[in-house]
Structure formats: C-alpha cells, structure tokens
Amino acid sequence: MGHAEKIWLLLIGLTLAGAWFAETGHPGWPLTLLVAGLIAFKGRMVIDQYMEMTRANAHIRHVLYAFVFIIPLLVIFSHGWGDLVRRLTTLNG
Amino acid sequence: MNTSLAEPLTTPPDANLDTDSRVPGNSGIWVGIFCVLVEFLMLFTVYFVAKAHHPEAFQGGPDKLATVAGVTITMLLLTSGYCMVKAVAAVRQDASTRAFRWILLAILLGCGYPLVKYFEIRWNITHGVDGQAGIFYTVYYYLTLTHLVHVFWGLLGLSWVAIRTNRGIYSSEEYGGLEAAAVYWHTTDVIWLVIFPFFYVLR
C-alpha cells in the first residue's frame, strides 16, 4: 500500500470513528475535544498531504494552518464559554 | 505525528527549488481560495453565535439528521480528493491518460455529493426537517447548501481540466491549471471536514 493510500485510509478511519463516538453518546467535553482534535488533525493532513503545503509558499501555508487551528479553538471556546459568547453578541436596547 | 505521514505523497519536478516560494497551481486560484476561507469563517461565526444563543437546539439538532448522509459525503469528498492527488502525480510522470482517468473518477465521486444531498434533503423534509424547523436547521441548510455551491464550482473546474488533460495540454513541465483545480477541490474538502462535525457529530 502506498503512502497516499495510507493517508486516505487514515482520514476515512478517523471520519468513521468520530461518527461512531458521537452516535454511541458521549456529549459534552469528551466529544467537543474529540471534534476539535479531528478538525485540526484531518484538516492538517489534507493541507500537508493532499495540497502538499509542506513544500509550498509559507504565507499560503500559514493562512491554511491558521484556518484549521482557529476553528477548533472556537469549538472549544463556544462549548466552555457559551454564556460569554452570548453576552458579547447580544444587542441591548 | 507519525514520521511516515509527514512525507510528501509525490515529488514535484521543481522539488529542488526554494519550496518556501512555490505557489501550487497559480496565484489567481489562491485569491479565490482565500475569499472562500473568509466567507466560511464568517458563516462559522454565525454558527457559533447561534449556538451560544440556542444551546439546546444545537445539542439536539444532529439527532434528527441522517448521520450516514454526512459520513457518505465525507468519504466521497476525501476519496475524490485522493483521486486528484493521483491525477497530479500521474501528470508529473507525463502519464496523461492515467491522469485523465483519475480526474474522471474524482468527478464521478464528486457528483455523488449532490446526489446524496438530494436524497438527504428529501429524507429531511419527510421527517419534518425543513428550513423552518428551528435555528439549528436554518444554519445547517444555509451552510451546507453554500458549501454545495462551491462544490459545483469545483466540479466545473475539474471538468475543464479533465478536457485539457485528455487533449494532452498538461505535461510534467506545465500543469499549473490542473494543480489549481486540485487545490481548490482539496479546499472544499477542508471546509467540509469542519461542516460535517458541526452538524452531524457535535452535540
């Protein structure tokens, strides 16, 4: 099996594992952290392996890395500090 | 990360050049990709704000969606992306016919996405999950259908490079157009990898 096939299998396996974990009922922090980790890891794998960003323009690479780094942080933040997000996004008056 | 996973899948002919300056595809496609990333970052912000205001709707929302549809779309997109990796690798070896076949397979798998989405929406509507079923489903339809539109652009791009590959226009010396279509296609992958857990997994 080639390297590309291993990456593909890993991504498929992680997708199925994440869905199984959710379906078997693990809400709350365990699921939130798993989802954040999966978004970061799978996103990074596609960026590095499929898009070959490890050997590309650093500015482009950093923007893509930031995208798959910021969103998992927002997933964690919105779960742990949802009240703060609600207060910050409520218009008074 | 496993060391072997950090290895490149293929070796581009200009691998000996300064890698920090290499722009995969062309500059134009990256302007488009960055616009798409900003667009979805804004839509994801809407998701987080709506979730903060209606946590109970987002906690129970995924239960009424068909997880199998989300998983199937993810597998179709990841496998289609893999086909484009193989297509780029083939054209780097001047194997245009092989590259063409990989692109056709990528398009075929990519077309499975709107097909699955069609059946998913029919299933949703049968089960009372339409755009007015609640805030979670409003955001779900808006985000997933916006993504579907971008997948259509990607499929059009893949069709264009398939025709050009079949005509032997790309070679190991010049394949920027093919690579541009591939990186755009992979970007739709990356965005779906965020959308999928938001609506089908996270509770």
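Here are some notes:
- Cα-based shape type of the protein assembly as shown, given that a ≥ b ≥ c are square roots of the gyration tensor eigenvalues and the cut on a/c is 1.5: prolate
- Shape call, chain A: gyration tensor on alpha carbons, a/c limit 1.5: oblate
- Neighbouring partner chain Cβ atoms per residue of A:59-72, average, 10 Å criterion: 4
- Chains A and B together, accessible area buried on both sides, 1.4 angstrom probe, square angstrom: 4700
- Here the protein assembly as shown is treated with +1 on each Lys and Arg Cβ and -1 on each Asp and Glu Cβ, and its dipole about the Cα centre works out to around 320 debye.
- Proximal aspartates and glutamates to A:LYS42, defined as alpha-carbon separation beneath 17 angstrom and excluding residues fewer than eight positions away on the same chain: A:GLU5, A:GLU52, B:GLU7, B:ASP189
- Ellipticity estimate at 222 nm from DSSP helix runs (n ≥ 4, -39,500 (n - 2.57)) divided over the protein assembly as shown, nearest 500: -24500 deg cm²/dmol
- A simple packing score, the average count of other Cβ atoms within 10 Å per residue, orders the peptides B:145-156, A:80-91 as B:145-156, A:80-91, with the highest score first.
- Rounded if a/c under 1.5, otherwise prolate or oblate - the range B:36-201, Cα gyration tensor axes: prolate
- Averaged over the residues of A:36-48, the number of partner chain Cβ atoms lying within 10 Å of the residue Cβ comes to 5.
- Over 25 Å (Cα to Cα) - which of B:LYS64/B:LYS86; A:LYS6/B:LYS64; A:LYS6/B:LYS86 fall in this group: B:LYS64/B:LYS86; A:LYS6/B:LYS64
- When a 1.4 Å probe is rolled over the protein heavy atoms, the share of accessible surface on chain B that falls to carbon and sulfur comes to 63 percent.
- Protection proxy ranking, peptides B:173-186, B:78-91, average beta carbon neighbours within 10 Å, highest first: B:78-91, B:173-186
- 1.4 Å probe accessible area per residue over the range B:36-201, in Å²: 40
- Take each residue of peptide B:45-52, count the partner chain Cβ atoms within 10 Å of its Cβ, and average: the result is 5.
The values are calculated or read from the model by the stated rules, or taken from the named source; none is laboratory data. What you are looking at is a predicted structure, and each value in this text was computed from that prediction instead of being measured. Glycine gets a Cβ as well: all are built from the backbone with ideal geometry, and neighbour counts include every protein chain shown. Side chains included, ligands, DNA and RNA excluded: accessible areas come from the protein's heavy atoms. Shrake-Rupley method; radii C 1.70, N 1.55, O 1.52, S 1.80 Å.
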